[in-house]
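Colleague: If you scroll down you'll find the structure; I have some questions about it.
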Amino acid sequence: MKKVMIYFALMFLALNGAAATEPAGGDVNAYYYAAYLDPSEAESRLKSAGFEIIGHYAATEKSETLIITNSALQTAAGKPGRGFGAILRILVDGEHQRIAVTNPVYFGKAFLQKDYDPVLAEQLTKSLANALGTMSVSEDTFAFDKLEGYHFMIGMPYYEDVYELAEDDTAALLSKLDAYNGGKNIVFKLSMGEGKTLVGFALSDDTKAFVETIGRQNAEILPYTILVEEGKATALAAKYYIAISYPMLTMGEFMRIVNTPGAIEKELSTPFK
């Protein structure tokens, strides 16, 4: 009953244009939904709202993800280890005939941690609503004040427990990514200055199929990202990233993709060997 009340409170805020940074009941939705748009129309509207589209990715046959950013997001993600928070993701979902948007409050708190800026999150949410129209909220929710220290369960990784993929000169690490498979795995490269670059990396068809198993509705989880900074290449641990992107995931559902985290880590590491 409590979840139902929270859901409708969030729905009321969304439909009335509010951008609460700590929604009623302490829970925050992971995604917003807007009316379906053709990918080119969605891209045009987002650009008009001040966003830069830096990548396109098809995680499923009926969906396309637009990876977006702006200067404010990049500034907020400028501190060491915060580069994963430099982007937002828009899923043009042909299967469910809607647009799905990563909530700047939810993923901002999760990925920027103590550096989360509620004012920026509110500004981003308003810009997204201006671009995409009225947004409703997803049923995927989690307690706002627990996002910074999120982990799926005891023994599972936290945000800071990243995959340490390789160490080398930053330019050399980026060169290896460019050279691997003729650069075909690179979806986007976002340079944020001072030797920091966020790279979107396409997983193999077999590995990315986990979204078909646990929910195509959140397919914007892909492409996976690799952060290259200070002579290191890192990525969010899959047991963390998948779980926080699917907050309604049960242990039984997680067990259906039990081999996926290992496969992801292996694929992300391979270009640097």
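The values are calculated or read from the model by the stated rules, or taken from the named source; none is laboratory data. Because the structure is a prediction, the values reported are computed rather than measured. All Cβ positions, glycine included, derive from the backbone under ideal geometry; neighbour counts span all protein chains shown. Accessible surface is based on the protein model in full, side chains and every heavy atom, while ligands, DNA and RNA are left aside. Shrake-Rupley method; radii C 1.70, N 1.55, O 1.52, S 1.80 Å.
Colleague: For the range 59-104, max minus min Cα coordinate along each principal axis, in Å, sorted largest first?
Modeller: Its Cα atoms span 37, 16, 14 Å along the three principal axes.
Colleague: Roughly how compact is the range 233-273, stated as its Cα Rg over 2.2 N^0.38 Å to two decimals?
Modeller: 1.27
Colleague: Within 13 Å, Cβ to Cβ, of His151, how many net charges do the neighbouring residues add up to if Lys/Arg are +1 and Asp/Glu are -1?
Modeller: That sum, taken over residues with Cβ under 13 Å, equals -1.
Colleague: Next question, about the same structure. Could you sort 121-131, 32-42 so that the peptide with the highest average Cβ count within 10 Å comes first and the rest follow in order?
Modeller: Output ranking for 121-131, 32-42: 121-131, 32-42.
Colleague: Need one number: nm distance between label points at Lys79 and Asn130, each 7 Å from Cα along Cα→Cβ, rounded to one decimal.
Modeller: In this crude label model, Lys79 to Asn130 measures out at 2.7 nm.
Colleague: Shifting gears a bit: Taking every pair of alpha-carbon atoms in the range 71-136, give the share separated by more than 18 Å as a whole percent.
Modeller: Of all Cα-Cα pairs in the range 71-136, 37 percent lie more than 18 Å apart.
Colleague: List the equivalent ellipsoid semi-axes of the range 111-150 in whole Å, largest first, each obtained as the square root of 5λ for an eigenvalue λ of the Cα gyration tensor.
Modeller: After diagonalising the Cα gyration tensor, the semi-axes are 22, 15, 6 Å.
Colleague: Sticking with this structure for a sec: How big is the Rg/Rh ratio for the range 158-209, C-alpha atoms only, Rh by Kirkwood, two decimals?
Modeller: Rounded to two decimals, Rg over Rh is 0.99.
Colleague: Next up: Normalising by the residue count of the chain, find the relative contact order in percent from Cα pairs under 8 Å and 6+ residues apart.
Modeller: The normalised contact order for the chain reaches 21 percent.
Colleague: For the chain, give the percent of accessible area contributed by carbon and sulfur heavy atoms, probe 1.4 Å, rounded to a whole number.
Modeller: 50 percent
Colleague: At a Förster distance of 51 Å, what's the computed FRET efficiency of Glu148 paired with Ser204, Cβ-Cβ distance as r, to 0.05?
Modeller: 0.95
Colleague: Right, here's the next one. Please report Rg over Rh for the range 98-245, where both radii come from the alpha carbon positions and Rh follows the Kirkwood definition.
Modeller: Dividing the radius of gyration by the Kirkwood radius yields 0.97.
Colleague: Can you give the charge dipole size of the range 100-144 about its Cα centre, rounded to the nearest 20 debye, using +1 on the beta carbon of Lys and Arg and -1 on the beta carbon of Asp and Glu?
Modeller: 80 debye
Colleague: Going highest first, how would you order 153-161, 80-88 by mean Cβ packing within 10 Å?
Modeller: 80-88, 153-161
Colleague: What whole-number value in cubic angstrom gives the convex hull volume per residue for the C-alpha atoms of the range 128-168?
Modeller: Hull volume over Cα atoms, normalised by residue count, gives 162 Å³.
Colleague: Quote the FRET efficiency, to the nearest 0.05, computed for Thr270 versus Thr213 with a Förster distance R0 of 25 Å and r equal to the Cβ-Cβ distance.
Modeller: With a Förster radius of 25 Å, E is 0.65.
Colleague: Expected output is a single nm value to one decimal: the length gained when fully extending between Ser40 and Tyr180, i.e. 0.36 nm times separation in residues minus the C-alpha distance. What is it?
Modeller: Extra length from Ser40 to Tyr180 when fully extended: 47.4 nm.
Colleague: Follow-up. Computed over the Cα atoms of the range 31-93, what is the convex hull's projected area averaged over all directions, in nm²?
Modeller: Result: a mean projected hull area of 4.7 nm².
Colleague: How many nm separate the modelled label positions at Glu122 and Lys47, each set 7 Å beyond the Cα in the direction of the Cβ?
Modeller: Once both label points are built, they end up 3.1 nm from each other.
Colleague: Of all alpha-carbon pairs in the chain, indicate the percentage at a distance above 28 angstrom.
Modeller: When every Cα pair of the chain is considered, 30 percent fall beyond 28 Å.
Colleague: Separate question: Normalised by the residues of the range 53-137, what does the relative contact order come to in percent, with Cα pairs under 8 Å and at least six apart?
Modeller: 21 percent
Colleague: Determine Rg/Rh for the range 202-273; Rg is computed over alpha-carbon atoms and Rh is the Kirkwood hydrodynamic estimate from the same atoms.
Modeller: A ratio of 0.97.
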